[in-house]
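These notes are about the structure you will find just below.
The values are calculated or read from the model by the stated rules, or taken from the named source; none is laboratory data. Keep in mind it's a predicted model, so treat the numbers as computed, not measured. Neighbour counts are summed over all protein chains in view; Cβ atoms, including those assigned to glycine, are modelled from backbone coordinates with ideal geometry. Accessible surface is based on the protein model in full, side chains and every heavy atom, while ligands, DNA and RNA are left aside. Shrake-Rupley method; radii C 1.70, N 1.55, O 1.52, S 1.80 Å.
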Amino acid sequence: QVQLVESGGGLVQPGGSLRLSCAASGSIFSINAMGWYRQAPGKQRELVAAITSGGNTNYADSVKSRFTISRDNAKNTVYLQMNSLKPEDTAVYYCNADVLPYGSRWWIDHWGQGTQVTVSS
């Protein structure tokens with residue numbers, strides 16, 4: 001059993017910053033890519049940023065130069081530093097990880113429960 005637990009969401013004014021964290025725990029042999037997605041009301045879930053185990057990163061155009069994704073492989077944790085936040089960044093943010101459990105031959109996609117980020121004055 002693998003769990004992803006997110007933290008760090010909340011209410012922030014436009015131009016402010018937040019840092020999201022997501023810790024993976026359980027029967028984990030290895031984790032490949034980790035990432036953050038978001039879903040705003042009435043919209044589809046979209047990729048925000050992703051990072052491989054080797055540190056290669058990928059960002060949505062809308063967040064480039066404002067958001068930074070990083071990870072601590074020893075702690076099975078991924079972070080999202082969000083700066084210069086805009087009202088359109090308001091969404092539920094979900095953590096995602098591609099996990100190889102102990103004893104398994106298959107990589108399994110796991111999701112966190114989501115954390116609300118609201119950008120409003």
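Observations
- Of TYR37, TYR59, all but one fail to be open to solvent by 40 Å² or more (accessible area, probe 1.4 Å) and within 10 Å of the chain's Cα centre (by Cα); the exception is TYR37.
- Any hit, the stretch 54-63, residues being in contact with a helix residue (DSSP H, G or I) (Cβ under 9 Å, 6 or more places away or on another chain) and within 25 Å of SER121 (Cα to Cα): yes
- Screening the stretch 104-121 for residues that are closer than 14 Å to PHE29 by Cα and open to solvent by 90 Å² or more (accessible area, probe 1.4 Å) and picking the one that is nearest to the chain's Cα centre (by Cα) gives TRP107.
- Of the criteria (1) touching a Phe, Trp or Tyr at 6+ places or on another chain (Cβ under 9 Å); (2) surrounded by 14 or more Cβ atoms within 10 Å (Cβ to Cβ), which one ALA24 fails: (1)
- Flag for ARG19 being under 15 Å from THR115 (Cβ atoms), among the basic types (Lys, Arg) and in contact with a Lys or Arg (Cβ under 8 Å, 6 or more places away or on another chain): no
- From the list SER84, SER70, the one residue that fits, being in a strand (DSSP E or B), out of contact with any Cys (no Cβ under 7 Å at 6 or more places or on another chain), of a type in the set (Gly, Ala, Ser) and surrounded by fewer than 20 Cβ atoms within 10 Å (Cβ to Cβ), is SER70.
- Checklist (1) more than 18 Å from ASP109 (Cα to Cα); (2) hydrophobic (A, V, I, L, M, F, W, C); (3) under 14 Å from the mean Cα position of the chain (by Cα) applied to VAL48, failing item: (1)
- Annotation note: Cβ proximity below 8 Å between a residue of the stretch 1-24 that is assigned to a strand (DSSP E or B) and a residue that is aromatic (Phe, Trp, Tyr) and open to solvent by 20 Å² or more (accessible area, probe 1.4 Å) (sequence gap 6+ or interchain) occurs for LEU4/TRP111; GLU6/TYR94; ARG19/TYR79; LEU20/TYR79; SER21/TYR79; CYS22/TYR79.
- Residue match in the stretch 95-113 (condition: in a loop (DSSP other than H, G, I, E, B), on the phi > 0 side of the Ramachandran plot, touching a Cys at 6+ places or on another chain (Cβ under 9 Å) and at pLDDT 95 or above): no
- Candidates are the residues of the stretch 43-54 that are modelled with pLDDT of 95 or more and of a type outside the set (D, E, K, R); the one that is most open to solvent (accessible area, probe 1.4 Å) is GLN44.
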